[in-house]
Amino acid sequence: MDDWRSYDGVAAAYERANGGRLSEPARDLVALAGDLPAAARALDVGTGTGLTASEASKAGAALVVGLDPSVPMLATGASVRDGFRPVAGRAIDLPFRDGSFDLVTASFVLNHVAKYDTALFDMVRVLRHGGRIAVSTWGPGVDELQRTWRELVSTVVGGDMLRDVLKQAVPWEDLFAQRGPLEEALIDAGLNRVRTEPRRYRFVYSIEEFLDGREAAATGRFVRSMLGEAGWASFRERARATFTERFADPLNDFRDVILAVATKPAY
């Protein structure tokens, strides 16, 4: 992997880990946005493998575009689910005309965008007047599974470097883990009727699936790029042994999520 920030080399692992577990919050996010108008057009920004885009299609959108900078992620998603048109692009400088969509979604994306305010303004730009934006973020707290993983990573990269990696990859993770700052960001982008809802999800997966998810996460991508393939295989084996020793397989993971929806003023 030439750039650890890229998801290109972990698309298959991402889908194995998240294809099932993130479908529920994606479905809830689309439902929170409300009924779609006839012949609705939807855009899912940072679609990854198309989970939320597919849910928008199931909810009745006539056209759904899933946008992501990673072509391998888009290709992986298109191979396992339908209902959306994959488009390569970034959250900033969206390649669409003003007012092109009735719904714009972004699942667990704002944490990753360096200039989240610019990204939100562009999402508002491509949204029609009266249309809705729906976004999700992870809630506060680090559970025992995450803590154990970060302890393992720290033995390789050190605590200071780990914090730097997280700051680069998810600079707004702490900020948008709270409802207030997320609501303020949506209001500052020119949206109204802002509504947020906290949800708690129970994810059940094998230790192997959990490690697939960690491989696709920022810390896993960084460690893999630093250690090389042989070193990564050894590290993953050590992680597998640690999780097998400490936790029952399959794992039960309870995660807090914030769902938010807002409307672009009619005039």
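What follows draws every value from the coordinates through simple rules; no lab data is involved. Values in this document were obtained by computation on a predicted structure and should not be read as measured data. Neighbour counts run over all protein chains shown; Cβ positions are idealised from the backbone, glycine included.
Among Asp256, Asp160, rank each residue by its count of other Cβ atoms within 10 Å, from fewest to most, as a rough exposure measure. Let's see the in-between values first.
Details: Asp256 15, Asp160 9.
Result, fewest neighbours first: Asp160, Asp256.
Between beta-carbons, use under 15 Å as the cut-off and find the net charge around Ala218, counting Lys and Arg +1, Asp and Glu -1.
Values: positive: Arg5, Arg150, Arg163, Lys167, Arg214, Arg221, Arg224; negative: Asp3, Asp8, Asp164, Glu173, Asp174, Asp212, Glu215.
Overall, the nearby charge balance is 0.
Arrange the following residues from fewest to most other Cβ atoms within 10 Å of their Cβ: Thr244, Thr105. Don't skip to the answer; put the middle values down first.
Details: Thr244 11, Thr105 29.
Listing Thr244, Thr105 from fewest to most nearby Cβ atoms yields Thr244, Thr105.
Could you work out the relative contact order of region 167-267? I mean the mean sequence separation of Cα pairs under 8 Å and 6+ apart, divided by the number of residues, in percent. Working shown, then result.
On the way: 95 pairs, mean separation 49.0, N = 101.
With pairs under 8 Å counted, the relative contact order is 48 percent.
For a quick check of your reading of the filter: which trypsin sites (Lys or Arg not before Pro) in region 70-162 sit in a DSSP loop and have no more than 10 other Cβ atoms within 10 Å? Working shown, then result.
Working: sites: Arg81, Arg90, Arg97, Lys115, Arg125, Arg128, Arg132, Arg147, Arg150; in loops: Arg81, Arg90, Arg97, Lys115.
Passing sites in region 70-162 are Arg97.
Is the shape of region 215-267 best called rounded, prolate or oblate, per the rule: a/c under 1.5 gives rounded, else a/b larger than b/c gives prolate, else oblate, with a ≥ b ≥ c the square roots of the Cα gyration tensor eigenvalues?
Working: a/c = 6.57, a/b = 1.84, b/c = 3.57.
Oblate, because a/c is 1.5 or more while a/b does not exceed b/c.
Extending each Cα 7 Å along its Cβ direction at Ala62 and Leu251, get the distance between those two points in nm, one decimal.
With each label placed 7 Å out from Cα toward Cβ, I get 4.4 nm.
By how many degrees, between 0 and 90 and to the nearest 10, does the Cα long axis of helix 159-169 differ from the longest principal axis of the chain?
30
Taking the Cβ of Tyr14 as the centre, find all other residues whose Cβ is under 9 Å away and add up their charges (Lys, Arg: +1; Asp, Glu: -1). Working shown, then result.
Details: positive: Arg16; negative: Glu15, Asp212, Glu215.
In short, -2.
From the alpha carbon gyration tensor of the chain, can you work out the equivalent ellipsoid semi-axes (sqrt of 5 times each eigenvalue) and give them in Å, largest to smallest?
Values: eigenvalues 204, 69, 62 Å².
Here the semi-axes work out to 32, 19, 18 Å.
Taking a quarter of the surface of the convex hull around the Cα atoms of region 152-267, what do you get in nm²? It would help to have the intermediate numbers written out before the result.
Working: hull surface 36.7 nm².
Projected area, direction-averaged: 9.2 nm².
Please compute the length gained on full extension between Thr242 and Ala88, using 0.36 nm multiplied by the number of residues separating them and subtracting their Cα-Cα distance.
Values: separation 154, 0.36 × 154 = 55.44 nm, distance 3.79 nm.
Once the chain is fully extended between Thr242 and Ala88, it gains 51.6 nm.
With +1 on each Lys and Arg Cβ and -1 on each Asp and Glu Cβ, how big is the dipole of the chain about its Cα centre, in debye rounded to the nearest 20?
460
Considering only the other residues whose Cβ falls under 13 Å of the Cβ of Arg200, what net charge follows from Lys and Arg at +1 and Asp and Glu at -1?
Values: positive: Arg199, Arg202, Arg255; negative: Glu24, Asp28, Asp143, Glu197, Asp253, Asp256.
Combined, the nearby Lys, Arg, Asp and Glu give -3.
Given the -39500 (n - 2.57) contribution per DSSP H run of 4+ residues, what per-residue ellipticity at 222 nm results for the chain, rounded to the nearest 500 deg cm²/dmol? Walk me through the numbers on the way to the answer.
On the way: 10 runs with 120 residues, N = 267.
Value at 222 nm, helices only: -14000 deg cm²/dmol.
If one takes the longest principal axis of the Cα atoms in the chain, at what angle in degrees, from 0 to 90 and to the nearest 10, does the Cα axis of helix 23-32 lie?
In the chain, helix 23-32 runs at an angle near 20 degrees to the longest axis.
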